[in-house]
Amino acid sequence: MKRSFAVFGATGALILVGALFFRPKASADVPRVPQSDSEVLERLPTGASDPRETERARLGSMLAAHPDDLRTATTLARLDIQLSRARSDPRYLGYAQAALRPWWDIPDAPPPVLVLRATIRQSVHDFDRALVDLDRVVTVSPDDAQAWITRSIVLAVRGRYDEAKASCRPLERLAPVLVSTVCEASIDAVTGSAGPAYERLSTAIAKSPGLPPDESEWAASTLAEIALRLGRDADAEQKMKAALAIDPDDAYVLGMYADLLLDLDRPAEAAKLVAGRTDNDGLLLRLAIAEARAHAPDAAAHADLLGERFDASHLRGDSVHRREEARFVLLLRGDARAAVALARANWDVQKEPADVRILLETALAASDPAAAAPALAFLAEHHLEDPRIADLAARVRKKGAP
């Protein structure tokens, strides 16, 4: 899923919410909505170690007393969405949905609810219904900055870049310069203008002194992604380190950095980077791949653990993480035919650079260049820049892709 997007609170403050690395345990990826206020889903760590839990408890008590209090419900839901990113824990999306229960099934719910509902839906890849909610918000409340930026991101994940770029334009008057710049630069970076996007975003950052830590990390990690598009690996690595210096537990940046280290044939470093983070399956995937390449003693055990979690997700009917499963099946199980099928199914849902890459990789491994035809057509249409993807595409064409 695409990197960070902004959630504006009632005061207009910027809260950064990122894509989730999945963790499909007993109640994981699809939000689990309690059937009553007394139902206990799981005991979570609370207390002084994280003041956000204290605030959650306070808001939860208020909402229990007045479950139809829109302001309290949306404030709690925003906090839960923020925590879902900070902890890479999809269960908080279920808690956010529970906070919004009185309005959840109402098509014309208040705009703040629609934006939050769309945010939750896009997090579990329910992109079509997320767009329905967001289209309604921008129609009835065209000055809602959060609706525009979330709409842009959902459209970009679907590969609808012209529409995504159009959704960035209202942000020029509704949001801080950095937000509107990131919105447009993120799209330019995957549509043939990565160089100018990098320079424009760098300039915007330089002109935004005193950024809060979350925004500084967001900007650094976005620059890192654009640097990858340009083949500037050393620059990307420096920006990733800067982001992790601000938040060492950012699962998205950890995963991105681990992937870069794997691409640079530095598997021992990749394994060290994500060691001990086996509760997060996105990072467990990187750990297992790195350990396999480094011939580490725990490689097989970690691969088996990840396989068990994918099996559990199948039993739940969860198909959100086909991209990750395609990598697992290809690189750790060696089943190229199954991997290419997963990559094709994933392509029907989302079309980010990582989705292009896994489709090309699996098609090559399966000696099935025709399977990569949608990715090749996408590259020709949108001019995505990325030296590794370009190399894969050339190899597929050499094998006789239509």
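Taking the Cα centre of the chain as origin and assigning +1 to Lys and Arg Cβ atoms and -1 to Asp and Glu Cβ atoms, the resulting dipole is close to 440 debye.
Rounded to the nearest 10 degrees, the angle from helix 281-294 to the longest Cα principal axis of the chain is 20 degrees. Extension gain for Ala373 to Ser319 (0.36 nm times residue separation, less C-alpha to C-alpha distance): 17.2 nm. Cα axis of helix 336-347 to longest principal axis of the chain: angle in degrees, 0 to 90, nearest 10? That works out to roughly 40 degrees. Between Ile106, Pro209, Tyr95, the Cα set farthest toward the positive side of the dipole of the range 86-240 (charges on each charged residue's Cβ, about the Cα centre) is that of Ile106. Computed from phi, the 3J(HN,Hα) profile of the range 177-188 under the Karplus parametrisation 6.51, -1.76, 1.60 (θ = phi - 60°) reads 4, 4, 5, 5, 5, 4, 4, 6, 5, 4, 7, 4 Hz, with x in place of Gly and Pro.
Scoring 248-257, 306-315 by mean Cβ neighbours within 10 Å over their residues and listing the highest first yields 248-257, 306-315.
Tell me the angle of helix 213-229 to the major Cα principal axis of the chain, expressed in degrees between 0 and 90 and rounded to the nearest ten. Once rounded, one gets 30 degrees. For the chain, lysine pairs with C-alpha atoms less than 19 angstrom apart, excluding pairs fewer than eight positions apart on the same chain, total 7.
Estimated at 0.36 nm per residue, the fully extended path between Leu211 and Glu172 surpasses their Cα-Cα distance by 12.2 nm.
Once the 1.4 Å probe is applied to the protein heavy atoms, the chain comes out at 42 Å² accessible per residue.
Across the chain, C-alpha contacts under 8 Å between residues 6 or more apart give a mean separation that, scaled by the residue count, equals a relative contact order of 14 percent.
The values are calculated or read from the model by the stated rules, or taken from the named source; none is laboratory data. Note that the structure is a prediction, hence the values are computed from the model and not measured. Cβ: placed from backbone, ideal geometry, glycine included. Neighbour counts: every protein chain shown. These accessible areas exclude ligands, DNA and RNA; they are computed on the full protein's heavy atoms, side chains included. Shrake-Rupley method; radii C 1.70, N 1.55, O 1.52, S 1.80 Å.
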